[in-house]
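Undergrad: Quick one: structure below, then a few questions.
Please treat every number below as a calculation from the coordinates, not as lab data. Computed from a predicted model, the values in this text were never measured in an experiment. No Cβ is skipped: glycine too gets one built from the backbone with ideal geometry, and neighbour counts run over all protein chains shown.
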Amino acid sequence: MREQNNAELIVPPNTLKAKLGIGTGGIDPEAIKRAEKAMEGLKSEFSDWLAKDIIHLNDAFAAFKNESNSHNASILFRAAHDIKGQATTFEYPLIARVAASLSKLMEGLKSRETTPVALVEAHVEAIHVIHRDKIKDTSDLTALTLVEALEGRVVKALARAGQTF
Amino acid sequence: MSGLRFDRLRILVVDDNQHMRKLVVTILQAFGCTQIIEAIDGEHAWSVLNDANPDVILLDWQMAGMTGLEFVKKVRTDPASPNPFMPIIMLTGHTHINHVRMARDAGANEFLAKPVSVKAVLSRLMAVIEHPRPFVRSKSYFGPCRRRRPMDEYSGPERRANDDVAVLDDLPPRKQQ
C-alpha cells in the first residue's frame, strides 16, 4: 500500500488469478469459436426476442402518449435503449439505429412536456415496420432513408431544445 | 481456455432484460463458466450479493430502480458491501465517451458496449483476471485506478501529487459543451 499525498494506492492480491490457475495469456481462439457457435444456436430465438422487446416498446409508448410524465418517459427510454443495445445482435442493425435515435431524443430532452410525441411515434412505427418487413440489410434504400430522416429530426429537435448530448 | 479454470469462477450477471441475460449466460457457459448467478435488477443483485459471493459482476447500466452506476457506487462505498474491491464489468448500450467516463468514475473496472461480441466479453473478463487495476482511495473517489497503464510504466510528471482526482491517461480530452 502506497500513499501519494491525497490519494492512497492499494494493490489487492490477485486472488482471481490464483483461483483460476496460471493462464497462458491472450485470448483463446477455441473459446471464441465455442461461444460463437453457442450464439448461433440461439439465432432461431432472436426474432421472437426482438418481437417481445418491440411489444414492450409499444406498451411503453402508449403509456407515455397517454401521460407524458417522467416515470413513463424513463420506461420508454429504457425500452428503446434495450433495443438499441440488442437489435444488432438480433440481426436488425437498422432497428438498432432507430432505437438509438429514439434513446438520444428521450435522454436529450430535459422537459418531458416538450417531447415531440409525433417524432417519438415515428420512431416506434419505423421499428415496427422494419421488423414486420424483415429488413436486415443495412443498405435497404427505403429503410435507410427513413432512418436518416429520423436521426436528422432528432438532431434538430435537440438543437431547438438547446441540447447537444 | 488460455489455461484458466473458468469453471472455478463465480459470476453474477445483473440485467433487467431477460434476453440479454440469456445471451450473456450462454456466452459465459461456452467459455466454461458453470457458476453463474442471475439477478433481475440492482436491488435483487444487492440482496443476493452476500450469499452469491461472486468473483466478478457483469452489470447492466440502465435498469429500473437502482441503476448500474448506483450499484457500483454501493458496492464500492457502502459499509455493508461484502467486497469493495469486487471486479465489475459495466455492460451498456451507452457508447458516448462521457458515459464511459461516468462508468469509470463510479468505480467500474471495465466497460463493455452493446451489442456484445464474444471476443469483447472474453477480453474484459481476461482483463479483470490477468491485469487487475490497483485501487485508489481519495477524498472524492474509491475504485480501480483510472489510469489504463500500470503505474510503474508511467515516467511523466506526477500530476496526481497534489490532486485527489486521478489523471485520465486513457481517454481523449473532454470536449467543451
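Undergrad: Give the relative contact order (percent, whole number) for region B:6-149; include only Cα pairs under 8 Å separated by 6+ residues.
TA: It rounds to 18 percent for region B:6-149.
Undergrad: How many nm is it between the label spots at A:S139 and B:H96, if each spot is 7 Å from the Cα in line with the beta carbon?
TA: Here the modelled spin labels are 3.2 nm apart.
Undergrad: How compact and how long is the protein assembly as shown, expressed as Rg and Dmax of its alpha-carbon atoms in Å?
TA: Rg then Dmax for the protein assembly as shown, in Å: 21.1, 62.
Undergrad: Going by C-beta contacts inside 10 Å, put B:R5, A:R97 in order with the fewest on the left.
TA: Ascending Cβ contact count within 10 Å gives the list B:R5, A:R97.
Undergrad: To the nearest whole number, what is the average tally of beta carbon atoms from other chains within 10 Å of the beta carbons of peptide B:104-116?
TA: Average neighbour count from other chains, rounded to a whole number: 2.
Undergrad: Right, next: Please state the charge dipole magnitude for the protein assembly as shown, taken about the Cα centre, from unit charges on C-beta atoms (+1 on K and R, -1 on D and E), reported in debye and rounded to the nearest 20.
TA: Its charge dipole is roughly 700 debye.
Undergrad: Give me the net charge for the shell around B:T77: Cβ to Cβ below 14 angstrom, other residues only, Lys and Arg +1, Asp and Glu -1.
TA: +2
Undergrad: Be a star and scan region B:48-88 for residues whose amide nitrogen sits under 16 Å from the point 7 Å along the Cα-to-Cβ vector of B:R10.
TA: B:48-58, B:81-88
Undergrad: So for the protein assembly as shown: antiparallel DSSP bridges make up what percent, rounded to the nearest 5?
TA: 35
Undergrad: A further question on this structure: Once you've got the GNM for chain A with C-alpha springs shorter than 10 Å, pick whichever of A:V129, A:V154, A:V11 has the biggest mean-square fluctuation.
TA: A:V11
Undergrad: How are the Cα pair distances of chain A distributed, in percent, across 5 Å bins from 0?
TA: Bin by bin from 0 Å, the calculated values are 1, 8, 15, 15, 13, 10, 7, 8, 9, 8, 5, 1, 0.
Undergrad: Taking H placed 1.01 Å from N in the peptide plane, check which residues at least 5 places from B:E38 or on another chain put their amide H under 5 Å from its amide H.
TA: Correct list: B:V13.
Undergrad: To continue, here is another question. Toward the positive end of the charge dipole of region B:6-149, about the Cα centre and with charges on Cβ (Lys, Arg +1; Asp, Glu -1), which of B:V72, B:A106, B:L49 goes farthest?
TA: Farthest towards the positive end: B:A106.
Undergrad: Counting Lys +1, Arg +1, Asp -1, Glu -1, what net charge surrounds A:P93 among other residues with beta carbon under 12 Å of its beta carbon?
TA: That works out to 0.
Undergrad: Can you bin region B:1-148 into rounded, prolate or oblate? Criterion: square roots of the alpha carbon gyration tensor eigenvalues sorted a ≥ b ≥ c, rounded for a/c under 1.5, prolate for a/b above b/c, oblate for the rest. Walk me through the intermediate numbers first.
TA: On the way: a/c = 1.29, a/b = 1.23, b/c = 1.05.
The shape class here is rounded.
Undergrad: Given the C-alpha atoms of region A:89-159, compute the convex hull and give its volume per residue in Å³.
TA: Per-residue hull volume (Cα only) is 78 Å³.
Undergrad: I'd like the distance between the alpha-carbon centres of region B:34-73 and region A:87-163, rounded to an integer number of Å.
TA: Rounded to whole Å, the Cα centres lie 30 Å apart.
Undergrad: Now for a separate question. Net charge near A:L144: determine it from the other residues with C-beta under 11 Å of the C-beta of A:L144, scoring Lys and Arg +1 and Asp and Glu -1.
TA: Working: positive: A:R97; negative: A:D137, A:D140, A:E148, A:E151.
For residues surrounding A:L144, the net value is -3.
Undergrad: Please average, across the residues of A:76-88, the number of beta carbons from any other chain that are within 10 Å of each residue's own beta carbon, and give a whole number.
TA: For peptide A:76-88, the averaged partner shielding equals 5.
Undergrad: Enumerate the calculated ³J(HN,Hα) couplings along region A:67-73 in order (Karplus 6.51 cos²θ - 1.76 cosθ + 1.60, θ = phi - 60°), each rounded to whole Hz, writing x wherever the residue is Gly or Pro.
TA: Here the 3J(HN,Hα) series is 8, 7, 9, 5, 4, 5, 5 Hz.
Undergrad: With a cut-off of at most 15 other beta carbons within 10 Å, and DSSP calling the residue loop, which GluC sites (Glu not before Pro) in region A:26-87 qualify? Please list them. It would help to have the intermediate numbers written out before the result.
TA: Numbers: sites: A:E30, A:E36, A:E40, A:E45, A:E67; in loops: A:E67.
Here the GluC sites (Glu not before Pro) that fit, given the DSSP loop and packing criteria, are A:E67.
Undergrad: Can you list residues from other chains, or at least 5 along the same chain, whose modelled amide H is less than 5 Å from the amide H of B:V136?
TA: For B:V136, whose amide H was placed from the backbone, the distant partners under 5 Å are A:I10, B:G143, B:C145.
Undergrad: Just for region B:6-149, what percent of DSSP beta bridges are antiparallel, to the closest 5?
TA: DSSP beta bridges in region B:6-149 are roughly 15 percent antiparallel.
Undergrad: Greater than 32 Å separation of Cα atoms is the criterion. Which listed pairs, A:K19/A:K84; A:K17/B:K22; A:K17/A:K43; A:K19/B:K114; A:K37/A:K156, meet it?
TA: Going by Cα-Cα distance, A:K19/A:K84; A:K17/A:K43; A:K37/A:K156 fall outside the 32 Å limit.
Undergrad: Still on this structure, please answer the following. Between A:A35, A:A96, A:A18, which gets the highest mean-square fluctuation from a Gaussian network model of chain A, Cα cutoff 10 Å?
TA: Greatest mean-square fluctuation among the candidates belongs to A:A18.
Undergrad: Could you give the angle, 0 to 90 degrees to the nearest 10, between helix A:93-108's Cα long axis and the longest principal axis of the Cα atoms of chain A?
TA: So the helix axis and the longest Cα principal axis differ by about 80 degrees.
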